[in-house]
Structures are given as structure tokens and as C-alpha cells.
Amino acid sequence: MRKNLKKGFTLLELIVVMTIIALIGGSVTSLLVFGYDVFGKANQDFQVQADMRLALENTNRMIRYANAMFAVPGTEYLDAEWNYIGLNEDNTMIINYEWDSVNETHIQTPMVGPYEGVTFNIGFYKEDNMEKDNSIQVYFEMYSNDGTVRRFNIQTGYEALNSLQVVDYGTELFPATALAYRSDDFHFENYLLKVNITLILDVSGSMNWKLNGDSTSTLSLRRNYILKEKTRGLIESFALNTNDDIEINIALVPFSTSGNNVKVFRNVKTEKAALLSDVDSLCNGNYYNCSGGTNTGDGMRRAYYSLLSKSQYEIDNMSTTRDTKIKNYNIFLTDGDTTYRSIFQFQTGSYNESVCVRWNKRGNSCLEWGTQEVPTYETQFFTDNGNITESTSTIYTGPYLGGNGSSTSTTNNNYVAAIGAMLGGVLPVNNYTGDELYVTNYIIGFTSSVSDSAINFIATSTDTPTERIYRASSGDDLALSFTEIQLSITNDTWHFLGPSLVGE
């Protein structure tokens with residue numbers, strides 16, 4: 001009789017079965033993980049979109065009920081008593097910076113973010129920045145690591161119902177990426193801001209050269225040609241300001257051997273043509289007649305007294321119906337080191353000297369001796385206002401030149417330091433009840449002809465920080481330097497521009 005024997009699995013069969021089960025399990029797990037990842041990414045994407053739309057709605061509400069709004073280039077400058085909508089430092093969050101008047105600080109309230117692998121960009125702008133209305137456009141952008149870009153927009157139209165005015169201070173190079181706003185109960189206070197800017201421009205003989213220091217007959221390659229073109233552009237940019245609550249005045253202070261040819265202050269909007277004509281008149285009105293050495297301190301001296309006189313005039317003629325604020329700025333540009341200084345002699349005393357009062361007939365021997373008083377003099381730096389004599393001769397009783405016009409010296413630098421301390425200090429105006437008037441200085445080293453030590457010496461003398469020192473080795477560099485300086489002035493003054501508002 002045949003028996004039914006139960007046959008077991010061989011080791012090989014067991015291995016094959018386990019391999020099949022592992023493959024199937026791995027595939028299932030992969031599908032589950034993939035599905036989970038897809039779900040997670042889709043869920044995050046949905047969450048980000050939902051949060052973005054909610055943030056836009058909240059932004060729209062803040063805009064709708066704000067009493068004043070300014071679109072500004074960023075949140076690096078957070079002014080007290082103002083709220084901001086902007087990005088954090090690494091662009092991973094959109095934040096509402098709310099002013100806490102009790103603790104006098106800004107409280108950061110996240111509106112969107114952070115999310116893994118996601119960054120943001122935001123923008124505020126007016127369709128027509130020349131129009132003074134209370135409309136503004138807003139967009140939020142989301143960037144994912146996988147390259148996905150999604151943009152969300154709102155168009156507020158005239159929904160900023162309570163704002164006296166909405167101002168966009170963004171530019172093409174520096175668009176507005178933050179919104180400063182106020183929604184508390186406050187009233188309009190009638191401020192007028194007067195911005196005075198001196199442009200100290202080097203027009204010495206080396207400005208006829210090319211940027212690399214070579215001579216050239218091609219006008220467009222000359223330093224003075226580039227300087228004029230970019231200075232015109234700076235003036236045109238300032239003239240775009242349409243806010244009636246700000247008056248921008250610019251004066252050119254060209255210097256070479258001296259700063260004798262200083263120009264008057266002109267309103268950049270109402271006198272733009274005359275101001276551009278001042279630019280054209282540099283180097284005797286052409287592109288090949290720059291001349292002279294480099295009397296850096298004299299250009300600074302004339303700028304100092306120009307700002308002082310302008311500020312005093314505005315103080316003496318302040319409106320009785322508007323509160324006037326004054327802000328003074330100086331933009332200094334040079335293409336070489338200092339080779340002259342301005343000095344004068346003054347009498348410090350005298351001494352008696354023996355002299356012959358009667359000679360013999362032949363004139364070869366003295367018959368009678370007497371005494372005469374001989375004055376003694378001391379040479380000092382000239383720090384007062386006014387022109388100097390462009391000569392190194394000591395026969396002049398007024399201010400004249402020290403130095404040789406071709407090389408620098410410690411004494412020349414000391415003159416720069418003396419004038420720089422004036423330009424970097426407080427303007428001594430009279431009868432002004434506001435804050436002390438300082439001058440904010442910007443320094444541009446144009447081309448490599450001016451040494452780092454010379455630029456740093458000027459900066460130290462005028463107490464100018466590193467972020468306001470520029471190097472321009474090309475026309476594009478100079479244009480960018482001017483643009484950044486204009487942006488800096490805008491950032492420094494934006495909270496005064498337009499309606500200045502204070503709490504009830």
C-alpha cells in the first residue's frame with residue numbers, strides 16, 4: 001500500500017518565495033511612500049496657496065483701512081510708529097512688522113511661511129507713479145526648489161479709502177518690496193521738507209583723460225564727458241519727484257585748483273533746465289578744457305558754506321503756515337589725490353630791525369642808523385567763506401594756494417581733515433528750533449587714479465561710514481553709484497515725504 005508523504009519546501013524554494021515577497025513588499029512600500037510624498041507636497045502646495053491668498057486678503061484689508069501708505073524698497077529701515085509688510089532676511093517668510101508703542105519696537109507677526117523648500121518675493125507699485133492718488137498694486141510670488149513659480153496678485157484700485165495719499169518710492173533698479181502703513185487715528189500735520197544737496201565735482205586736468213589714465217581725442221571716452229552725462233541722469237531722477245511736500249535743491253560745487261566757481265542752489269523741479277545748464281558749463285562749457293590741480297579741501301569748504309547759507313536762508317524765511325524740516329546732503333566725487341590747499345597769512349607781531357636812514361653821497365656807507373618795525377606772519381589754513389587767489393605767491397594779503405599742484409603731502413591732507421571736520425559736523429545755524437542740522441556725506445572715488453588712502457582719509461575726516469563710500473571705474477559704475485545714493489537719500493527721507501502724520 002502506497003503512503004501519502006507530505007513534502008516540505010526546499011531551501012531554494014524558500015529563498016525564491018521570500019525574494020518575491022520582498023520585491024512585492026518593496027514595491028508596495030515605494031508606492032505608499034511616493035503617494036505619501038505626493039500627498040505631502042500637494043498638501044503643502046495647497047497650504048501655501050491658501051496662506052498666500054489669506055495674506056493677500058489681510059493685506060487688502062490693511063491697505064483699505066490704512067490712513068497713510070508708502071511703498072519702500074525694503075524693511076532694512078524700520079521707522080518708529082509705522083507698520084510694515086515685508087520679507088524676513090532669508091525671504092522664507094512674509095511678515096507684518098507691527099509697531100509696539102509701549103515697548104517701542106516692531107513685533108514680527110508671520111503672514112506666510114516658513115515652508116520647506118519655499119521662498120517668497122513681494123512687490124508694491126503704482127500703475128502710474130506720476131498720479132497722486134490712493135491706489136496701489138500688490139503681488140506675492142512663491143518659489144519652490146523644484147522650479148515652480150506661482151504669482152498671486154491683488155489690484156486695490158481706489159480701495160485705500162482712508163489714505164490721504166499713497167506714494168511709491170520704488171525705482172526700476174530698486175523696486176518697492178515693502179509697504180509702510182499706519183492705521184491708527186491721527187491727523188495731518190502740514191510739514192514741508194527741504195532737501196539740500198551739494199555735488200562737489202572734480203574738474204581738474206586729469207578729467208580730460210580716459211578712465212584708464214590715457215589721453216584721448218574721443219570726447220565720449222573722457223572722464224568729464226561721463227561725469228556730465230551721469231550727473232544729468234541723477235538730476236533727472238531727482239526731478240521725477242512729484243510730491244508737493246518736498247522741495248529738492250541742488251548746487252554744483254566744481255573744484256580743481258580752487259572751488260571758486262561754486263554754483264547757486266536750484267530747485268530741481270522748477271529750475272531743472274538751469275541746473276542742467278550748470279552741468280554743461282563744467283570745464284568751461286566743453287569736454288576738453290578741464291584744468292588745474294586738485295584742491296580737495298577747497299571744494300569741501302565751498303560746499304560747507306553753500307549748505308550753511310542755504311539752510312540759514314530757509315530758516316530765516318520759513319513759512320508761517322507750514323512746519324519746515326531741513327535735510328542736508330553732500331555728494332563728493334574726485335578722480336585724484338589732493339595736490340593743493342588753501343592758506344592765508346596773518347600778522348602775529350613785529351620786531352625792530354636796524355636800518356640805515358642816511359647814506360653818504362656815494363651810497364656805500366651808512367652815516368646814520370635807525371630802527372623800523374618789521375611785522376611777523378604765520379600761515380594758517382583758510383577755513384572761511386569766499387574765493388581764493390590761485391597763486392602760491394606770498395605777496396597776497398588774502399587767501400592763496402599752498403602745495404605744488406602735482407604731488408600730495410601731509411599738509412594738504414591736514415587741510416582736508418580740517419574742512420572735513422566742518423562738513424561732517426553740525427551746521428551752526430541761528431534761530432532754528434528743530435533738531436541740529438547735520439550733513440550726510442557720500443564719497444565717490446572716480447577711476448583708480450584716486451588712492452584708497454585718499455578716499456578713506458576724506459571719509460574719516462567727514463565721519464562718513466563705509467556704506468556711503470563708492471568706487472566707480474566705469475560709466476556704468478558711476479551711474480549705479482548715483483542711483484544707490486539717490487535711493488539712500490530716499491530711504492532717509494521717505495517718512496517725511498508726503499503727508500507727515502502724528503498721533504492725536
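The values are calculated or read from the model by the stated rules, or taken from the named source; none is laboratory data. This one's a predicted model, so the numbers in the text were calculated from it and none came from an experiment. Here the Cβ is made from the backbone with ideal geometry for all residues, glycine too, and neighbour counts use every protein chain on show.
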### Query
Which residues, taken from region 398-428, are among the hydroxyl-bearing types (Ser, Thr, Tyr) and surrounded by 12 or more Cβ atoms within 10 Å (Cβ to Cβ)?
400, 408, 409, 411, 415
## Note on the structure
Taking region 309-340 and keeping only residues that are surrounded by fewer than 20 Cβ atoms within 10 Å (Cβ to Cβ), among the hydroxyl-bearing types (Ser, Thr, Tyr) and farther than 19 Å from residue 250 by Cα, one is left with 319, 320, 321
#### Entry: Matching entry among 456, 441, 430 (being in contact with an Asp or Glu (Cβ under 9 Å, 6 or more places away or on another chain), under 14 Å from residue 333 (Cα atoms) and at pLDDT 90 or above)
441
### Query
Is there a residue in region 309-325 that is under 26 Å from residue 483 (Cα atoms) and assigned to a strand (DSSP E or B)?
yes
### Message
For region 326-363, give me each residue that is small (Gly, Ala, Ser) and outside any strand (DSSP E or B).
### Response
336, 363
### Query
If you scan region 280-308, which residues turn out to be buried (at least 17 other Cβ atoms within 10 Å of the Cβ), within 30 Å of residue 244 (Cβ to Cβ) and not hydrophobic (A, V, I, L, M, F, W, C)?
304, 305, 306
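Restricting attention to helices (runs of 4 or more DSSP H) lying wholly within region 221-307, give those where 1 or more residues are assigned by TED's automatic domain parsing to the domain that holds residue 459 and touching a Gly at 6+ places or on another chain (Cβ under 8 Å).
Working: elements: 223-239, 272-280, 282-285.
Qualifying helices (runs of 4 or more DSSP H): 223-239.
Which of the residues spanning region 395-437 are part of a helix (DSSP H, G or I) and either hydrophobic (A, V, I, L, M, F, W, C) or over 25 Å from residue 463 (Cβ atoms) (or both)?
Restricting attention to region 395-437, the residues satisfying the condition of being part of a helix (DSSP H, G or I) are 410-423.
Hits for region 395-437 are 416, 417, 418, 419, 421, 422, 423.
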#### Entry: Lone qualifier among 95, 85 - being within 26 Å of the chain's Cα centre (by Cα), in the same structural domain as residue 116 (by TED's automatic domain parsing) and closer than 19 Å to residue 490 by Cβ
85
